[in-house]
Structures are given as structure tokens and as C-alpha cells.
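These notes are about the structure you will find just below.
The values are calculated or read from the model by the stated rules, or taken from the named source; none is laboratory data. Source: prediction; values computed, not measured. Cβ placement follows ideal geometry from the backbone for every residue including glycine, while neighbour counts extend to all protein chains displayed. Only protein heavy atoms, including side chains, enter the accessible area calculation; ligands, DNA and RNA are left aside. Shrake-Rupley method; radii C 1.70, N 1.55, O 1.52, S 1.80 Å.
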Amino acid sequence: QKPDHPRLLCALGDLRDDATLHERAWTKSECRDWRAARSLARRHMNKGRWSEACAWYDETVKIRPQASQSWFDLGCCRMRLADVSDEKAQLGKAARAFSRCVQHEPDCGDAWANLAACRLRSGQAAMAKNALDRAVATRPE
């Protein structure tokens, strides 16, 4: 018998490293399974397909807006996308993602540092300094 429940499909997709099983889980869940979306986002991120990864991370944060790691990963993908297309818009979206991350996890120094980098690249030096101060405060080493 074939597994048909989204959770089982995701587990099997992880074990077999098979994106089609994650896609099937996504479809079976009527586009509501956070784990399937996250797995697909990570797959695209790990292969450097930034636009596709962003689309899937957008789905993950719609389903589970409190998932700080998804916000962080979305911000990282947006920063990478800013290197190749529409820098200003992508940096703004990356900054919003890192802002959401630190709302849920205020001690995430890496998110603060990335937020500072986005602000600096966008010409917002004062806001960049504030974010960098927060990053240093969370990670004094």
C-alpha cells in the first residue's frame, strides 16, 4: 500500500531525497502542509535556485508565520536574489524577512547582522547601524 498522508509522504521524501513525494504531500494537503513547503524551499535553496526557494518560503511563512528559521532562510534567499535581479526590491523584502525573524527571536544575531547588511546596501546607514548594534549585543564575541 502506498503512503497517502502528507506527513508520511514528507517522511518518505526525506528518506529517499525525492522532491516528487514532497510535491505530492503539498498537493494532498491542499497546499497547507508546512513541512512539504519547507522541504521544497530547502531543496531549491541548497541548489541555488533562489527565486523558487523564495516562492516556497513565502508559502511556509503564510502557513506558520511564527517560524523564525523560515523567515531567516527567506531573507537569505532574497539577499542572494538581490545579487542577480531587482536589487532594491529584493533587499527590501529580505529586510522585512529578517525583521520578522527578530520579532520572533530577538537574540538571533545573524538575523540582526543580515538586516544591517540589507539596510547598508540600501543606503540606510542609520538603520544599518541600529541593526548592527543589536547584532553585536546578541553576539559580543
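Those residues that are crowded, with 24+ Cβ neighbours inside 10 Å and closer than 26 Å to THR138 by Cα, I need them from segment 51-84; list them, please. Passing the criteria: TYR57, SER70, TRP71, LEU74, GLY75, CYS77, ARG78. Criterion first (farther than 23 Å from ALA125 by Cβ, free of Cβ contacts under 8 Å to residues at least 12 places away in the same chain and out of contact with any His (no Cβ under 6 Å at 6 or more places or on another chain)) does LYS28 satisfy it? Judged against the criteria, LYS28 is not a match. For segment 31-56, give me each residue that is closer than 19 Å to VAL84 by Cα and either among the acidic types (Asp, Glu) or in contact (Cβ under 8 Å) with a residue 40 or more places away in the chain (or both). GLU52 - this is the single residue of segment 31-56 that is closer than 19 Å to VAL84 by Cα and either among the acidic types (Asp, Glu) or in contact (Cβ under 8 Å) with a residue 40 or more places away in the chain (or both). In segment 72-89, of all residues being of a type outside the set (Gly, Ala, Ser) and under 21 Å from ASN130 (Cβ atoms), the one that is farthest from the chain's Cα centre (by Cα) corresponds to LYS88.
Among residues of segment 85-109 that are over 21 Å from ARG49 (Cβ atoms) and open to solvent by 80 Å² or more (accessible area, probe 1.4 Å), those with a beta-carbon under 6 Å from a residue that is modelled with pLDDT under 95 and in a helix (DSSP H, G or I) at least six positions away or on a different chain give the pairs ASP107/THR138. When residues in segment 14-57 are screened for being among the small types (Gly, Ala, Ser) and in a loop (DSSP other than H, G, I, E, B), 2 of them pass.
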